[in-house]
Amino acid sequence: MDKKKKRFYMRTVILVLMTLAIVFTIYSNLTKEKNEILQVGDKAPDFVLVDMKGEKHQLSDYKGQGVFLNFWGTWCKPCEREFPIMDKHYQEYKEKGLEILAVNIGESNFAVQKYVDRKSLRFPVLIDNNKSVMETYNINPLPTTLLINPEGIIEKVITGEMSEETIKAYMEQIIPI
C-alpha cells in the first residue's frame, strides 16, 4: 500500500509539472511580442547591412535622400524584370538625391554576386543573411518595395511587380525638393 501511494504521488507531481510546462509554453507564445506591420506614415526602422563590395549601409545615413528600399530574391521572376528598369532610372535620379537599396533575403554571397554581375546592377545590393531586416519590416511576398522620404518616413509600401511607369513615378515621389 505504501509503495502504491508513493507511485501515485510521484505520478501526480509529474503530471502537474507537465501541465504547468504546457500552460507556460502556450502563454509565452500567445504573449510573445510580434513585430507591428509598418504602414505609410511610420518612421522606417533603422538597420545596417553590408553590400556586395563589403561596404556598410545604415538606413539612417541616407536621411535627406529618398530611399527606394527593395526586398528581393534571385529566384524571383518579377524582381528580375524590375531590376533593369530600376537600374536605368537609378542612373537618372541618383544625382537628384535618390538611393536604391536592394535587400536580398538570406541567399549566399556567391549566388547574389553572380546575379548582380549577370544583370550589371549599379545600385547597392545588400544581403539580409539572418532575415532580421525582413522580419522587422514584415516583408511578404517578394518583391516588396518601400518608398522612404528624405525625413525617413514610409511614403508607400508596394508588394508585387512594378511597371516602368510606376517605378519612375515612385522614384520621383521621394526625390528631395
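Sequence gap at least 6, Cα distance under 8 Å: using those rules, report the relative contact order of the chain to the nearest whole percent.
Details: 272 pairs, mean separation 52.4, N = 177.
With pairs under 8 Å counted, the relative contact order is 30 percent.
To the nearest ten degrees, helix 77-93 and the longest principal axis of the Cα atoms of the chain are 50 degrees apart. Axis of helix 2-31 versus longest Cα principal axis of the chain: the two differ by about 20°, to the nearest ten degrees. Amide H to amide H, with H built 1.01 Å from N, Gly152 comes under 5 Å of Gly64, counting only residues 5 or more places away or on other chains. Compared with the dominant Cα axis of the chain, that is its longest principal axis, helix 109-119 is turned about 30°. Take each peptide in 145-151, 161-167, count the other Cβ atoms within 10 Å of every residue, and average; sorted highest first, the result is 145-151, 161-167.
What number, in nm² with one decimal, is the all-direction average of the projected area of the convex hull of the alpha-carbon atoms of the chain?
On the way: hull surface 56.2 nm².
Convex hull of Cα atoms, orientation-averaged projection: 14.1 nm².
Residues in the range 132-137 carry Karplus couplings, in order, of 5, 5, 4, 5, 4, 8 Hz; the curve used is 6.51 cos²θ - 1.76 cosθ + 1.60 with θ = phi - 60°, and Gly or Pro positions show x.
Coupling constants for the range 162-176 follow from the phi torsions by the Karplus curve (6.51 cos²θ - 1.76 cosθ + 1.60, θ = phi - 60°), and in residue order they are 10, 7, 4, 4, 6, 4, 4, 5, 5, 5, 5, 5, 10, 5, x Hz; glycine and proline get x. Count Lys and Arg as plus one, Asp and Glu as minus one, and take only other residues whose Cβ is under 14 Å from that of Gly64; the net charge is then 0.
Values quoted throughout were computed directly from the atomic coordinates according to the rules given, and no laboratory measurement underlies them. A quick note: this is a predicted structure, and the numbers were derived from the prediction, not measured. As a convention, Cβ positions derive from the backbone with ideal geometry for all residues, glycine included, and neighbour counts pool all protein chains shown.
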